[in-house]
Each structure stands twice: as structure tokens, then as C-alpha cells.
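Below is one structure; the comments refer to it alone.
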Amino acid sequence: MLELFKGGAYLKNGTELIAEDDIGALGAAGIKTDDASREAAKKGTMAYGILSKHDTSDGGDVLKIKFDKMTSHDITFVGIIQTARASGMTEFPIPYVLTNCHNSLCAVGGTINEDDHVFGLTAAKKYGGIFVPPHEAVIHQYAREELAEVGAMIIGSDSHTRYGALGTMAVGEGGGELAKQLLSKTYDVKRPGVVAIYLEGAPVKGVGPQDVALALIGATFKNGYVKNKVMEFVGPGVSNLSTDFRIGVDVMTTETTCLSSIWRTDDNTKDWYDTHYRSEAYSKLDPADIAYYDGAIRVDLSKIRPMIALPFHPSNVFTIEELNANLEDILHEAEENGRKQLTGNVDFKLTDKIKNGKLYVQQGVIGGCAGGGFENICDAADILRGHFIGSDEFSLNVYPASMPVMMELVKNGRVADILQTGAVVKTAFCGPCFGAGDTPSNGALSIRHSTRNFPNREGSKIQSGQIASVALMDARSIAATAINQGALTPATDIDVEFTGPKYFFDKDIYGKRVYDGWGKADPSEELRLGPNIKDWPVMPALTDNLVLKFCSVIHDPVTTTDELIPSGETSSYRSNPIGLAEFTLSRKDPEYVGRAKEFHKVEIAREEGGHPCEIYPDIKPVMTAIKEKFPEVSKDNTGFGSTIYAVKPGDGSAREQAASCQKVLGGWANIANEYATKRYRSNLINWGMLPFVIAEDAGFEVGDYVFVPDIKKAVEEKTEEIKAYIVNKGMKEISLTLGDLTDDERQIISKGCLINFNRQ
């Protein structure tokens with residue numbers, strides 16, 4: 001099904017993939033493998049060409065990228081614009097789209113969600129942006145329909161910013177990186193490796209894009225095969241997939257932890273652009289006749305079968321056939337692994353859903369940027385037509401990804417087909433993907449064609465004794481399960497003829513409702529600031545030395561951004577840094593906020609000229625121990641802040657609040673064995689937090705103190721190995737590193753955060 005190459009590979013004429021250690025085959029193909037030829041072949045990838053076009057550096061290893069366009073949604077755009085305003089922005093320098101697909105529900109927090117939307121509209125008028133009202137489109141569908149163009153680069157403040165199937169390299173990042181673009185600065189990144197995803201064959205009937213995506217995620221996430229690299233989709237199998245199908249695979253590449261993705265284009269891609277009245281955005285995109293890749297994955301599409309990703313990660317994949325054949329064993333193992341990830345008084349069960357040898361689920365959802373595409377819903381409707389989902393617990397909700405998609409589904413009758421089964425069709429909304437809609441009952445299992453199935457992504461609250469869970473599946477198999485009224489069923493078991501209706505895009509839907517202010521900034525426009533919209537608090541600059549107190553220690557193999565700052569109802573507070581900070585780690589370590597706030601009093605007292613030991617007597621023996629070894633240390637040159645230890649933090653969302661909330665509470669650093677994604681590490685840096693790496697677990701415990709002498713000097717002078725000391729364990733010496741940092745990133749940390757850096 002999938003073959004991962006052990007080393008690099010060469011691609012000849014887009015069709016012949018040869019491992020670099022297969023000297024005989026390379027010779028027969030006439031491919032030269034000397035160093036010079038290999039370096040030339042590296043420049044033959046599509047990714048290299050696009051990155052080079054957007055790189056403003058002098059051609060070194062660190063690229064300085066300027067993007068063509070930007071996009072954000074209503075969880076992130078307020079903070080980004082507030083950051084850029086505070087840094088001196090007067091208008092948007094490139095097209096910036098503000099969508100409203102996350103905080104669309106206004107039941108939580110009174111007016112504050114709609115206040116964010118009004119802020120976005122007034123910001124679009126003031127600074128020259130594009131505003132997409134609630135329920136019109138989810139962020140990525142609008143970007144596909146209106147922003148993507150072959151050879152372009154787009155940055156978005158959402159991790160699933162992926163438009164590679166349309167020939168656009170897109171990157172999902174934290175808000176700080178978008179603020180830099182608004183300030184006409186660059187996105188600095190080490191030149192990424194490029195991995196060929198070589199597709200051959202064609203999918204069998206009933207297999208959809210989520211099945212292919214889950215197979216790729218299962219093969220690459222745990223081993224880091226494509227981490228921080230670009231996935232480049234090539235091979236003859238690409239042309240056996242519709243563009244809608246490619247989009248469904250592409251959006252899920254985020255879950256592999258790759259940096260970005262790009263696909264070769266063809267007549268099918270051209271037809272997509274023609275259909276959307278943007279023919280000028282299309283051009284042919286292919287790798288060079290000889291291209292070298294740092295790795296390669298051969299995918300035989302004909303061997304992919306309907307897949308399921310069990311809780312609590314998209315990489316926890318099985319074929320549905322395999323799961324159904326081994327229900328007790330696989331579900332029991334998933335229960336055991338799940339309990340290791342969960343905290344709180346909950347009883348996580350999956351085996352209790354087995355009845356008469358079948359797994360029964362309680363809910364199905366098809367929607368969002370992954371599942372809400374036209375073809376996914378049409379194929380699901382073909383399976384559902386003439387059936388009934390039942391009158392028991394099972395329910396099915398379908399969310400088309402944009403109002404134009406909804407309109408065409410209404411016109412061609414697919415909405416009626418779905419409604420007649422007892423399912424519900426709703427407007428474009430991302431809520432089910434992050435726990436703000438369709439929360440199942442306690443103990444229930446939901447199957448979803450959406451992006452993630454982390455704990456609480458379905459909306460339950462472990463700290464309140466609630467637990468539900470999500471398994472990821474393709475829309476077709478969700479529909480097959482629905483007609484069997486919740487009994488897990490792969491779509492390949494269903495006798496159906498897919499009708500494949502043609503899509504017609506109604507451009508007037510956006511033309512009559514979306515505000516397009518690009519190039520029409522009006523400085524006289526007043527921003528509308530609701531009572532929940534707050535400015536960022538003042539962030540202190542880095543001090544010469546640091547005393548860090550561990551306020552949380554997490555030994556899980558991976559810590560997600562959902563655990564660092566929960567999604568769901570907390571999203572209503574994304575425009576209120578202090579209010580949102582109260583939720584930090586609330587589902588993983590509920591005591592963290594109290595510990596961090598208490599220790600933050602020490603730094604506040606120091607900054608105000610008080611004496612830390614008087615405010616926080618526990619610090620007195622710590623300072624005594626430090627001064628025995630470093631007598632020059634004083635409150636005048638030493639800052640006090642909280643830190644967390646996690647094995648591998650930052651998997652998942654791009655939202656910057658996973659870092660900024662820690663900073664608001666007095667955080668100065670993370671200490672980790674590695675960081676799950678570049679975007680989380682970037683978020684730490686942009687909020688002035690030190691992204692420390694330690695080679696192995698040093699036995700940290702909550703309440704431990706670490707002293708880091710001369711840290712400001714180490715940051716500014718690029719010290720590779722930083723000596724630190726666990727104070728309360730006999731000044732035990734440990735070794736920390738910061739990894740690669742650009743000169744600007746070092747200055748951002750030194751100044752205290754991106755806002756301070758830009759102000760100065």
C-alpha cells in the first residue's frame with residue numbers, strides 16, 4: 001500500500017522513481033549522481049522553484065519568505081491585528097482575508113463572538129482587507145475558491161492552511177508570523193527538505209480522500225519521516241484523482257507534521273480554476289526532467305482501503321476491515337492507550353459499543369475543510385439516498401464547506417436526498433473540528449470526516465467527568481455506517497453507483513456579501529472594540545539571569561496545543577489575553593494556572609522595585625543557594641518566571657495562544673526533549689519565551705527551580721550549550737540548548753516578545 005524509501009530518490013520525467021542507492025537503475029536511466037548533479041537535481045523540485053521565487057535572502061540556508069496572500073479566522077485575526085497595530089502597522093501590505101468560521105456560534109459569552117466579527121469588518125475597512133461573514137465559508141474553502149493560484153505562497157493562522165492541490169504552497173503558522181508579514185517582514189525558515197509522494201494506480205470504488213490521507217499519516221507521523229519538510233505529490237496516480245479528491249488528501253498533510261505541500265497540476269486543476277472564474281490563476285506545474293528528493297513514499301492508490309483513526313490521534317489508524325475483524329483486541333488496546341493520555345475522573349470505554357459482534361457508533365459528522373467538499377457530500381448522498389438513519393441514538397450532521405457548495409447541493413437535489421434520510425444539513429462552520437458544535441453524549445463515539453480526533457476535540461470536558469471521543473473516517477464510509485444505523489461499515493461494502501454531478505460555482509454569492517477592501521484602506525475608519533477585546537499586556541525584556549519554577553511537568557509522549565490551551569468554548573476568549581490565560585492547561589493540569597499566577601507575583605514585585613523574598617518567602621532558600629555559587633546575582637539582574645517541561649509539546653493547532661497564555665501568566669520558557677512542530681516553537685519565540693531543549697528527562701518535578709545564569713548573553717552571543725542548575729536538588733547541573741535561531745529571533749527573545757522588538 002505504502003513504501004517509505006530509506007534514503008533519497010530521483011524522479012525522471014515525472015514518472016520514474018528510483019532510489020538513490022539503486023546505482024544500476026540510475027545508470028540505466030542516465031541519471032548522474034555526482035555531488036554537482038545531485039545539487040542541480042535538488043533544484044528540480046516544484047517546491048524549490050516556488051520557495052526560491054519568494055525568498056528574499058542572499059541564497060543561504062535560511063530562507064526569508066514573503067508571502068503573496070494571508071488568511072485568518074475569527075479565533076486568531078483579532079490578536080494578529082492587535083499585535084501588528086501595536087507594532088506600527090497602518091495598512092495591510094498584501095491581500096488579507098478575515099473569515100468567520102470558528103466563533104460563529106454566539107451562545108457562549110454573550111456578544112463577544114459577534115463583537116470579534118464587527119472588529120474584523122471595521123479592520124478590513126480601516127486597513128484594506130477582505131471580510132467573509134459568518135456561515136459563508138470555512139477559512140480553507142474560501143482560500144481555495146478565491147485566493148489560491150499556481151506558484152503562489154499563502155500563510156494562514158490555522159494549521160490546516162494547505163492549498164498544494166491547487167499548485168499553491170501554503171503554510172499554517174502562529175499569529176506572530178502573520179503579524180510579521182503585515183509589517184512587511186519575512187518568514188524565516190531553514191531550507192526544508194522535500195519528500196516525493198509518488199502516487200500510482202487509482203482508488204477503488206468507495207475509497208475517498210480521507211482514506212488516502214489517514215494511510216499517509218499512519219505511515220509518517222510517529223517516525224517523523226516528513227517532519228518540517230515539504231510533501232511533493234507526483235507520479236501518474238495524481239491524474240487519476242479529481243481536484244476535490246486531491247484537496248481532501250492535501251488538507252490532512254498537516255497531521256504528518258510536514259511544513260507544507262505541493263502537487264503537480266494538470267487539466268483537472270485547470271478545470272477547477274475555470275469553474276471558479278479564475279482561469280488566469282492556472283499554469284502547468286511539474287518537477288524538472290530530473291529531480292532529487294530527500295525521501296520518497298510510493299503509494300499504490302488501488303490498494304488503499306477504507307480507514308479509521310481511533311481516538312486519540314489521526315495516526316492511530318487501521319483499515320475498517322481489520323478493525324471489524326479484531327474488534328475486542330484493537331478497541332481494548334485503544335482504551336488502554338487512551339487512558340494514558342487522559343487526566344481526571346473519567347472511564348474511557350470503546351469495547352462497550354460492541355453489540356452482536358459489530359461496533360456501533362453514536363454520531364456521524366461530515367464537514368469542515370476536510371469533509372465538506374462538493375464531491376465528498378455528493379458521494380455520501382448517493383450512498384444515503386433512499387435509506388433512513390434510524391430513530392435511535394445515532395445522528396448524522398453534514399456541513400458543506402462554503403455557501404457556494406451548499407447552493408449547488410441544493411440545486412442538484414443532494415441536500416434533499418440527505419434530509420430525507422433523517423440527517424441534518426447545516427451551514428459552513430468549523431466547530432465540530434475543535435469542540436464547539438455537535439458534542440456527543442457522555443461515553444459516545446463519533447465518526448467524523450474532519451481534521452483531528454485529539455481528546456476534547458468533540459467538546460466533552462474531562463475535568464467535569466465527561467468523556468466522548470472521535471474516530472476519523474471518510475465521508476463515504478460514514479454514510480455507509482449511517483444507512484446501517486450506526487454499525488461501522490466500510491463504503492466498499494455498499495453497492496452504489498456514484499453519480500458524480502458536475503459542479504457549478506455561483507460567484508455572486510460572495511460578490512453580494514463579502515466585503516473586499518483590498519487596496520482601499522480608509523485610515524479614518526474607527527475600529528469597533530467590544531468589551532472582551534483587550535490589548536496585550538506589557539511584556540518584560542529578558543534579564544541577565546533567570547530563575548524558573550516548574551509549574552507543570554508532562555511526561556506524555558506528545559502534548560497537543562489543545563492540551564496547552566483547550567479549544568471549544570474557550571475560543572470566545574481568544575481576543576482577551578488575560579481572560580483566555582485562565583484556561584491554560586486546564587484540561588491537562590488544572591492546578592497550573594494557580595501555580596503560575598502565584599509565582600508571577602515574584603516578577604511583578606521585582607519589576608515594581610519590591611523584594612521578591614518578602615512577597616514569596618519560598619524563594620529565599622533558592623536565592624541563598626544560587627548566591628553561594630553566583631554571588632553577583634541580585635533582583636536587579638535576575639528575572640523570575642514559570643516554565644513547563646513536556647517531552648514533545650506543540651502537536652496540532654497553529655494558534656499562538658498555546659504560547660502567549662503561558663507568557664501572560666509569567667512564563668519565560670519551555671523545556672522539552674523536542675518540539676512537535678515548527679509553528680509551536682515559533683510561537684514561543686515570538687512571545688519571548690525560550691524554547692529550551694534538553695537531551696533527556698532530568699527528573700523534573702512540579703515545584704523544582706532551575707537557575708539559568710547569563711541567559712541574555714547566551715542568547716545574544718549564540719552560545720550553543722547553556723549550563724543551568726536545578727537549585728533545590730543540590731544545584732544539579734544540566735545542559736540546555738536553544739537550537740537554530742535567526743538573528744531577529746534572538747532579538748525578539750531578548751526584547752521580550754515580537755511587539756517589543758518591532759516597537760524598538
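The values are calculated or read from the model by the stated rules, or taken from the named source; none is laboratory data. In this text the structure is predicted, and so the values were computed from the model without any measurement. We place every Cβ from the backbone using ideal geometry, glycine too, and count neighbours over all the protein chains shown.
Miscellaneous remarks
- Hits in region 356-368 (condition: modelled with pLDDT under 95 and not in a loop (DSSP other than H, G, I, E, B)): Gly368
- Any hit, region 4-11, residues being crowded, with 20+ Cβ neighbours inside 10 Å, under 23 Å from Glu200 (Cα atoms) and either more than 33 Å from the chain's Cα centre (by Cα) or of a type in the set (Ser, Thr, Tyr) (or both): yes
- Ile685 of a type in the set (Val, Ile, Thr) and under 30 Å from Val78 (Cβ atoms): yes
- In region 704-746, the qualifying residues are those that are in contact with a strand residue (DSSP E or B) (Cβ under 6 Å, 6 or more places away or on another chain) and among the polar types (S, T, N, Q), and the one that is modelled with the highest pLDDT is Thr737.
- The listed residue being at pLDDT 95 or above, in contact with a strand residue (DSSP E or B) (Cβ under 7 Å, 6 or more places away or on another chain) and closer than 16 Å to Leu63 by Cβ, out of Val132, Val171, Val189: Val171
- Options Thr343, Thr319: the member that is under 27 Å from Asp651 (Cβ atoms), touching a Lys or Arg at 6+ places or on another chain (Cβ under 8 Å) and at pLDDT below 95: Thr343
- Some residue of region 520-530 being assigned by TED's automatic domain parsing to the domain that holds Leu690, in a loop (DSSP other than H, G, I, E, B) and under 30 Å from Val97 (Cβ atoms): no
- Among the numbered conditions (1) at pLDDT below 95; (2) more than 23 Å from the chain's Cα centre (by Cα), the only one that Lys222 does not meet is (2).
- Yes/no for Thr71 being of a type in the set (Ser, Thr, Tyr) and surrounded by fewer than 22 Cβ atoms within 10 Å (Cβ to Cβ): no
- Among residues of region 305-329, those that are touching a Gly at 6+ places or on another chain (Cβ under 6 Å) and either in a strand (DSSP E or B) or of a type outside the set (Phe, Trp, Tyr) (or both), counted: 3
- Any helices (runs of 4 or more DSSP H) falling wholly within region 1-88 and containing at least 1 residues that are touching a residue at least 24 places away in the same chain (Cβ under 8 Å) and either of a type in the set (Gly, Ala, Ser) or in the same structural domain as Val194 (by TED's automatic domain parsing) (or both): 35-42, 46-54, 77-86
- In this entry, Met252 is excluded by the filter for residues that are closer than 23 Å to Ala281 by Cβ and in contact (Cβ under 8 Å) with a residue 24 or more places away in the chain.
- Qualifying residue in region 274-297 (condition: under 29 Å from Asp21 (Cα atoms), of a type in the set (S, T, N, Q) and in contact (Cβ under 8 Å) with a residue 60 or more places away in the chain): no
- Within region 473-483, the set of residues being more than 16 Å from Arg414 (Cβ to Cβ) and in contact with an Asp or Glu (Cβ under 9 Å, 6 or more places away or on another chain) comprises Met473, Asp474, Ser477, Ala480.
- Qualifying residue in region 564-573 (condition: in a loop (DSSP other than H, G, I, E, B), touching a residue at least 12 places away in the same chain (Cβ under 8 Å) and of a type in the set (Val, Ile, Thr)): yes
- Restricting Val715, Val702 to those that are of a type in the set (A, V, I, L, M, F, W, C) and either over 28 Å from Gly579 (Cβ atoms) or assigned by TED's automatic domain parsing to the domain that holds Phe77 (or both) reduces the list to Val715.
- Of the residues making up region 581-637, just one is in contact with a strand residue (DSSP E or B) (Cβ under 7 Å, 6 or more places away or on another chain) and on the phi > 0 side of the Ramachandran plot, namely Leu585.
- Residue match in region 585-604 (condition: closer than 20 Å to Glu656 by Cβ and free of Cβ contacts under 8 Å to residues at least 24 places away in the same chain): no
- Scanning region 488-503 for residues that are touching a residue at least 60 places away in the same chain (Cβ under 8 Å) and either over 26 Å from Gln363 (Cβ atoms) or touching a strand residue (DSSP E or B) at 6+ places or on another chain (Cβ under 7 Å) (or both) turns up Leu488, Glu497, Thr499, Gly500, Pro501, Tyr503.
- Picking from residues in region 89-118 that are under 30 Å from Gly752 (Cβ atoms) and in a helix (DSSP H, G or I), the one that is modelled with the lowest pLDDT is Ile112.
- Scanning region 31-68 for residues that are in contact with a strand residue (DSSP E or B) (Cβ under 8 Å, 6 or more places away or on another chain), surrounded by fewer than 13 Cβ atoms within 10 Å (Cβ to Cβ) and of a type in the set (Gly, Ala, Ser) yields no hits at all.
- Residue match in region 734-747 (condition: on the phi < 0 side of the Ramachandran plot and more than 31 Å from the chain's Cα centre (by Cα)): yes
- Taking the criterion of being part of a loop (DSSP other than H, G, I, E, B) and free of Cβ contacts under 8 Å to residues at least 12 places away in the same chain, the only residue of region 387-419 that qualifies is Gly413.
- Matching entry among Leu542, Leu548 (being more than 22 Å from Ala444 (Cα to Cα), touching a helix residue (DSSP H, G or I) at 6+ places or on another chain (Cβ under 7 Å) and either crowded, with 17+ Cβ neighbours inside 10 Å or not basic (Lys, Arg) (or both)): Leu542
- Residue among Asn345, Asn376 that alone is in a helix (DSSP H, G or I) and either of a type in the set (S, T, N, Q) or free of Cβ contacts under 8 Å to residues at least 40 places away in the same chain (or both): Asn376
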